[in-house]
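Input: a single structure, listed below in structure tokens.
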Amino acid sequence: MKPKHEKTLAAIFENPVNGSLDWARIEALFIALGCRVIEGQGSSVTFEMNGVRAYFHRLILLQSCGYPVKLLS
């Protein structure tokens, strides 16, 4: 894993959550970990790895995603 992805992973589990974490960094982390990206309708996106799926909605108007990351951790 690249150092940038390691920093993103650490930021996801920070307490309190980093409110300036870009969604694009989270997507890049999932892809680097080997997740398959399944595009849905609108802002819906699914990440699949080893038969396990996680469903998300991209934040189109916001560049950061502090609250949704809190739901992941």
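As an exercise, use a Förster radius of 22 Å and the Cβ-Cβ distance of residue 22 and residue 55 to find the FRET efficiency, rounded to the nearest 0.05.
Values: r = 20 Å, r/R0 = 0.89.
My answer for the efficiency is 0.65.
If the chain between residue 39 and residue 10 were fully stretched, how many nm would it gain, using 0.36 nm times the residue separation less the Cα-Cα distance?
Values: separation 29, 0.36 × 29 = 10.44 nm, distance 2.59 nm.
Here the segment from residue 39 to residue 10 would lengthen by 7.9 nm.
Using modelled amide H (1.01 Å from N, peptide plane; none on Pro or chain starts), what sits under 5 Å from the amide H of residue 21, excluding residues fewer than 5 places away?
Sorted by chain and number, the residues that satisfy this are 65, 66.
Coordinate-derived values only; no laboratory data. Small disclaimer: the values here were computed from a predicted structure and weren't measured. Glycine gets a Cβ as well: all are built from the backbone with ideal geometry, and neighbour counts include every protein chain shown.
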